[in-house]
1. Looking at (1) in contact with a strand residue (DSSP E or B) (Cβ under 8 Å, 6 or more places away or on another chain); (2) part of a helix (DSSP H, G or I); (3) crowded, with 22+ Cβ neighbours inside 10 Å, find the lone condition where residue 418 falls short.
2. Among the residues of region 53-90, write down those that are part of a loop (DSSP other than H, G, I, E, B), open to solvent by less than 10 Å² (accessible area, probe 1.4 Å) and either aliphatic (A, V, I, L, M) or modelled with pLDDT of 95 or more (or both).
3. Mind checking which residues of region 428-462 are more than 27 Å from residue 353 (Cβ to Cβ) and in a helix (DSSP H, G or I)?
4. In region 231-246, how many are open to solvent by 70 Å² or more (accessible area, probe 1.4 Å) and either of a type in the set (Lys, Arg) or touching a helix residue (DSSP H, G or I) at 6+ places or on another chain (Cβ under 6 Å) (or both)?
5. Is there any pair with a first residue in region 6-18 that is outside any loop (DSSP other than H, G, I, E, B) and a second that is among the small types (Gly, Ala, Ser) and buried (at least 21 other Cβ atoms within 10 Å of the Cβ) whose Cβ atoms are under 7 Å apart and which are 6 or more apart or on different chains, and what are they?
6. Please go through region 257-310 and pick out each residue that is out of contact with any Cys (no Cβ under 7 Å at 6 or more places or on another chain), open to solvent by 30 Å² or more (accessible area, probe 1.4 Å) and among the polar types (S, T, N, Q).
7. Taking only region 97-121 into account, find how many residues are over 15 Å from residue 51 (Cα atoms) and in contact (Cβ under 8 Å) with a residue 12 or more places away in the chain.
8. Can you find a residue in region 19-41 that is in the same structural domain as residue 125 (by the TED database), in a loop (DSSP other than H, G, I, E, B), open to solvent by 40 Å² or more (accessible area, probe 1.4 Å) and not acidic (Asp, Glu)?
Amino acid sequence: MCCDLKRRFLLLYATQKGQAKAIAEEIQQQASAHGLEADVHCLSEMDKYNLETEKDPVVIVISTTGTGDPPDTARKFVKKIQDTTLPPDHFAHLRYGLLGLGDSEYTFFCNGGKTVDRRLQELGAQHFYDTGLADDCVGLELVVDPWIDGLWLALKEAFLLQKEKDMSSDVNAVSSSLSTAPHVVNELNLSSEVQNLKLEDEAVRSSDVLTEKLVDISFVASTRGTEPSLVHSVPPVSQSALNIPTLPPECIEVEFQDNHGENPHPSSLISEGAAFEVPVTKAVQLTREDAIKTALLLELDIADTVFDYQPGDAFCVICPNNVNEVEELLHILGLSEKAECFVCVKVKQGTKKKGATRPQHIPERSTLKFILTWCLEIRAIPKKAFLRALVECTSNVGEKRRLQELCSKQGASDYMRFIRDSNVCLLDLLHAFPSCKPSLNLLIEHLPKLQARSYSVSSSSLYQPGKLCFVFNIVEFPACPARPVSRKGVCTGWLTELVAPLLHPSKNTLDTKGGSPSTEKITIFARPNNTFRLPEDPSVPFMMVGPGTGISPFIGFLQHRQKLREEHTDWKFGETWLFFGCRHQDRDYLFKQLRCFLENGTLTHLKVCFSRDSSTAEVAQPKYVQDVIRLYAKEVALVLLKQRGYFYVCGDEKHMADGVSDAVVDILSMEVESDKLEAMKILAMLREAKRYLQDVWS
């Protein structure tokens, strides 16, 4: 090593769903093997670090949430560094490397990381390592793994440069004839040390290589000449030496207790604000039985709560894992008899993991079944670190080798194809690799928090006081070779079962007086969207683009606008446009009552298209909303450029949103008679001014 003591660097992370934290922990674990020490803190723990006085290199891992916002844990930090009174050399002493996490399915890809990176640069900070931007759409590890691999040499070179700088500052000025030789020697020493570090890094990397190229000859031989699958590999992967992740140290232990007591309410697990348990009072299937997707509308009664919302807002539903999957997991783990036992989760004594804490989403005391039902995302796609840990729990040599391949660099494409792209979860792995018997504490360490699911509000409290409506498609995951069973989405599947009595009332679900079916309750909490809102000035025109369930927030917009028109007859209201599209007019035209808004003047223009319906017209009808928008180019340009109107896009297809923005760029280019680059700049300015707004999900 270049020094006797481990060199320290500051490692900061900001996470929304736990991915940035997990990556920071992986960096921390690898640091020790490279003779370095990571001082790890969440960006929100501003009392534990001070960038104003930090002299060591800083590594930042930060995710993005919402519509390009930094995660909640980074908001105070971002607000602090965005202080306009800070001088341009405020962080001139700071050397940092930043890894941003995002999803290119969303418009503002990695914007959380980009925001911090840009501001640190503006305040004089300098990169010691190039910024990495990882895309969850194609797999974070495609950028994360090589970025971490390159981090160690960059850090050590940063330390050496700092060492040279410190040594130079201590040397007194002497004559040039006396200073030349030491300077040359110093340069040679620096070059030599860098070369040694490169050799050390090679040694460290080679220590993680499995040198047994043929772990099980019969296993490898049996796969030759066949297609690869989740459980089988073919050359060259099956015959390669493997680079696998470092085995993370265990840090959690679980103690089984008695079965007396009560579980906490699921609402106690959230930290995002007040939660409300509200009844579902209405459920309507908006699509026909033969539609490709099934869309439901649910109505919630919030009259007895202080829950407040505006049209365009979102809210979150706290949902459990599927009960059958939980029971299946308990059975495979051999813990069915202990399902109702209370467990105490705590940090393992003597753990080698620095800064280990009990996961905050796990109650201090609850039953095992409660943890697997309400706390852990058992459907999560396993990360490579989890696969690495599962290797140690697998007894069959062939299965062990395949798990090693799937978490290795050499098996990266197999991981993408058979795990990530196939939406494989823990249950699927345990079925595919039956000799794998993980411990409960391992699952608690590696399975992420079960996230509440977010939905757009599809109503107006002004129009329907005490009510909240939302629309969703029932998510379907069809069976595939890597996952032989089909599944519904965690939340949409649960909601569908929950409201079945409302959708299909029968004598068994009605009371003796022939009244309504018994009502079920769900727990929700607010997630306001402060930008996706109606214009403050009602005279400003706006256009809405919402194919499929993307129409959901615009129903709330129109309900709100209708009520305002009724209450304020003296106000001037701008024109409203709605572009709606679906597959079939007679199967999934979700809100045919849009005609009512059109007839009473709330909606000025309604333009619809149906992508799968055959047309007998001589002129081909437009299939998609972006095609319809192009037919009204002059009107779009007039609203955006002359009338300073608003343009809203909502939907569950990133390709749709891209198609719409491309259409708008072409329209702007044509109407202002400029090239496409200039039109793109105009659209960027509209986004910046919050007049071109998107609410798009994948």
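The values are calculated or read from the model by the stated rules, or taken from the named source; none is laboratory data. Everything quoted here is computed from the prediction, not taken from an experiment. Cβ coordinates were reconstructed from backbone atoms using ideal geometry, including for glycine residues, and neighbour counts include every protein chain displayed. Areas reflect the complete protein model, heavy atoms only, side chains present, ligands, DNA and RNA absent. Shrake-Rupley method; radii C 1.70, N 1.55, O 1.52, S 1.80 Å.
1. (1)
2. Scanning region 53-90 gives a single hit, 57.
3. 428, 431, 432
4. 1
5. 9/38; 11/24; 11/38; 13/20; 13/24; 14/20; 14/63; 14/74
6. Of everything in region 257-310, those that are out of contact with any Cys (no Cβ under 7 Å at 6 or more places or on another chain), open to solvent by 30 Å² or more (accessible area, probe 1.4 Å) and among the polar types (S, T, N, Q) turn out to be 263, 267, 268, 271, 281, 285, 294, 305, 310.
7. Adding up the residues that qualify gives 17.
8. The answer is no, given that none of the residues of region 19-41 is in the same structural domain as residue 125 (by the TED database), in a loop (DSSP other than H, G, I, E, B), open to solvent by 40 Å² or more (accessible area, probe 1.4 Å) and not acidic (Asp, Glu).
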